[in-house]
Amino acid sequence: MKPSSAKKKQITAQVQAIVESTPITDIHTHLYDPAFGKLLLWGIDDLLVYHYLVAESFRQMDMPFQDFWGLSKTDQASMIWDALFIQHSPISEACRGVLTTLHALDLDVKKRDLRALRKWFAGQKPNAYITKCMKLANVKSICMTNSPFDDLERPVWEEGFNRDPRFMAALRIDPLLLSWKETAPQLAQWGYEVTPALSQKTISEVRKFLAHWTLKLQARYLMVSLPPDFNFPADNDCNRLIEHAILPHCREYNLPFALMPGVRRAVNPQLKLAGDGVGLSNLNSLSNLCSTFPENKFLATVLARENQHELCILARKFRNLHIFGCWWFMNVPELIDETTRLRLELLGLSMTPQHSDARVLDQIIYKWRHSKKIIGNVLAEKYGDLLDTGWQVSRAEIQRDVNDLFGGAFERFCSR
Ligand code: RAT
Ligand code: ZN
């Protein structure tokens with residue numbers, strides 16, 4: 001006999017409740033430990049000048065790019081508010097996100113009163129506000145993106161501070177791998193005996209640099225974003241550094257190396273941070289890395305929708321590969337739904353379906369609320385399909401599975 005639809009409804013409600021109440025480890029964000037002061041962005045103006053919204057607003061404004069960039073943050077935020085929320089309905093995912101966040105904070109969005117919103121945010125105290133946002137998103141732990149090449153961030157690490165235990169670090173190394181010739185003099189300036197040519201000595205100095213920052217940050221993984229034409233193997237500095245410095249370093253410290261292929265940087269430089277685009281990657285490179293270096297662990301997320309299926313298949317072949325998140329242009333309901341289904345159907349629970357990529361603290365509220373709804377629905381549907389076979393899942397089993405999706409599987413992969 002087929003299980004009744006009442007039983008399926010019951011399981012859907014149960015899954016949704018568990019998804020709601022399970023604390024999340026957010027494994028990739030651009031947020032900072034509060035000790036970084038102003039580098040941790042929050043509040044209505046930062047929500048509005050988020051680069052996802054900047055890109056959308058230029059489509060509705062005639063203003064020259066340079067004039068916009070010449071405005072203060074407050075004025076830019078006002079222009080975006082007017083273009084995307086007042087002159088048109090805020091339908092896009094990034095616009096809707098601002099409203100979900102404000103609504104969750106109990107602010108009245110229908111009044112469309114930017115001044116009142118600013119006043120409310122001005123009354124918040126950073127530390128209490130971090131706790132509030134994490135509570136509303138039910139996020140227990142946030143992984144930052146930490147670059148020693150960032151001139152604002154580096155001095156804070158160098159000076160030292162008491163870590164907020166809710167914030168983990170990840171060592172981001174894009175300049176090291178993607179523009180070695182420009183990065184080498186920088187390393188030399190910091191006292192590493194490197195030359196532009198990748199001699200043995202230079203490689204061992206690069207490893208010293210990686211060790212220094214891994215330990216200083218207590219980094220959980222190393223990370224790079226890659227252009228669609230990234231190729232491994234190939235005879236170039238990037239690959240030599242990966243093979244002889246990054247991967248041996250990751251093996252020594254038992255750290256995963258996270259690869260994010262598919263970003264075309266500065267497709268329209270006039271848009272600044274909002275000017276990056278997407279391209280299809282050749283995932284043979286990732287396959288080659290996983291098979292050539294079985295002692296290394298790789299985390300991966302891809303930017304192109306068309307790469308998602310192949311990525312799932314790769315993860316079926318290589319257990320040293322853990323796939324995660326619906327990154328950036330993938331982080332829209334339609335594609336989260338599709339990608340989560342693909343992953344659950346091809347891999348089961350051995351993956352991390354989402355990270356927030358939040359750049360502004362308050363965004364964790366909407367990014368997680370929107371994603372949890374979709375992940376919960378897809379998961380409930382899958383348990384419903386199991387019910388049709390006569391299999392029954394207990395509450396404890398659902399909780400175990402959801403724990404895995406929201407950080408447990410990632411933690412296990414890292415500690416392996
Ligand atoms: O999602 C974003 O905000 C992008 O600008 C990037 O930062 C991307 O997530 C990355 O980590 O490179
Ligand atoms: Zn990111």
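Side notes on the structure shown:
- Residue in region 133-142 that is outside the structural domain of Val402 (by TED's automatic domain parsing), surrounded by fewer than 19 Cβ atoms within 10 Å (Cβ to Cβ) and free of Cβ contacts under 8 Å to residues at least 12 places away in the same chain present: yes
- Of all residues in region 356-371 being in contact with a Phe, Trp or Tyr (Cβ under 9 Å, 6 or more places away or on another chain) and of a type outside the set (A, V, I, L, M), the one that is surrounded by the fewest Cβ atoms within 10 Å (Cβ to Cβ): Arg359
- Residue match in region 158-167 (condition: in contact with a Leu (Cβ under 7 Å, 6 or more places away or on another chain) and either more than 16 Å from ligand 2 (Cβ to nearest atom) or part of a loop (DSSP other than H, G, I, E, B) (or both)): no
- Counting only residues that are aliphatic (A, V, I, L, M), closer than 18 Å to Arg343 by Cβ and open to solvent by less than 50 Å² (accessible area, probe 1.4 Å), region 382-402 holds 2 of them.
- Members of region 328-355 found to be within 15 Å of ligand 1 (Cβ to nearest atom) and either among the aromatic types (Phe, Trp, Tyr) or surrounded by fewer than 20 Cβ atoms within 10 Å (Cβ to Cβ) (or both), listed by number: Trp328, Phe329, Val332, Leu335
- Scanning region 238-259 for residues that are outside any helix (DSSP H, G or I) and open to solvent by 10 Å² or more (accessible area, probe 1.4 Å) returns Asn254, Leu255.
- Here Glu295 qualifies as away from ligand 1 (no atom under 16 Å from the Cβ), in the same structural domain as Gln363 (by TED's automatic domain parsing), open to solvent by 10 Å² or more (accessible area, probe 1.4 Å) and touching a Lys or Arg at 6+ places or on another chain (Cβ under 7 Å).
Listed here are the residues, each with its yes/no results for (1) within 15 Å of ligand 2 (Cβ to nearest atom); (2) open to solvent by 20 Å² or more (accessible area, probe 1.4 Å).
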{"position": "Gly262", "(1), (2)": "yes, no"}
{"position": "Gly275", "(1), (2)": "no, no"}
{"position": "Ala300", "(1), (2)": "yes, no"}
{"position": "Arg319", "(1), (2)": "no, yes"}
{"position": "Cys326", "(1), (2)": "yes, no"}
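- Where a residue in region 1-24 is touching a residue at least 24 places away in the same chain (Cβ under 8 Å) and its partner, wherever it lies, is among the acidic types (Asp, Glu) and open to solvent by less than 70 Å² (accessible area, probe 1.4 Å), with Cβ under 8 Å and at least six apart: Lys2/Asp388; Pro3/Asp388
- Leading residue by the ranking (farthest from Trp42 (Cα to Cα)) among those in region 79-111 that are open to solvent by 60 Å² or more (accessible area, probe 1.4 Å), touching a residue at least 12 places away in the same chain (Cβ under 8 Å) and hydrophobic (A, V, I, L, M, F, W, C): Ile86
- Residue that is nearest to Glu411 (Cα to Cα) [pool: residues in region 170-195 that are touching a residue at least 24 places away in the same chain (Cβ under 8 Å) and surrounded by fewer than 20 Cβ atoms within 10 Å (Cβ to Cβ)]: Asp174
- Some residue of region 44-56 being within 16 Å of ligand 2 (Cβ to nearest atom) and part of a loop (DSSP other than H, G, I, E, B): yes
- Candidates Phe149, Phe167, Phe232, Phe161: the one that is open to solvent by 20 Å² or more (accessible area, probe 1.4 Å), closer than 26 Å to Phe298 by Cβ and of a type in the set (Phe, Trp, Tyr) is Phe149.
- Evaluation of Asp26 against (1) modelled with pLDDT of 95 or more; (2) surrounded by 16 or more Cβ atoms within 10 Å (Cβ to Cβ); (3) away from ligand 1 (no atom under 16 Å from the Cβ) (one fails), failing number: (3)
- Residues of region 57-78 classified as under 25 Å from the mean Cα position of the chain (by Cα) and open to solvent by 60 Å² or more (accessible area, probe 1.4 Å), total: 1
- Filter result for the condition that a residue is of a type in the set (A, V, I, L, M, F, W, C), at pLDDT 95 or above, part of a loop (DSSP other than H, G, I, E, B) and away from ligand 1 (no atom under 16 Å from the Cβ), over Phe149, Phe232: Phe232
- In region 250-260, of all residues being within 23 Å of the chain's Cα centre (by Cα) and of a type outside the set (S, T, N, Q), the one that is farthest from ligand 2 (Cβ to nearest atom) corresponds to Tyr253.
The values are calculated or read from the model by the stated rules, or taken from the named source; none is laboratory data. Computed from a predicted model, the values in this text were never measured in an experiment. Backbone-built Cβ (ideal geometry, glycine too); neighbour counts: all protein chains shown. Keep in mind that these areas ignore ligands, DNA and RNA; they rest on the heavy atoms of the full protein, side chains included. Shrake-Rupley method; radii C 1.70, N 1.55, O 1.52, S 1.80 Å.
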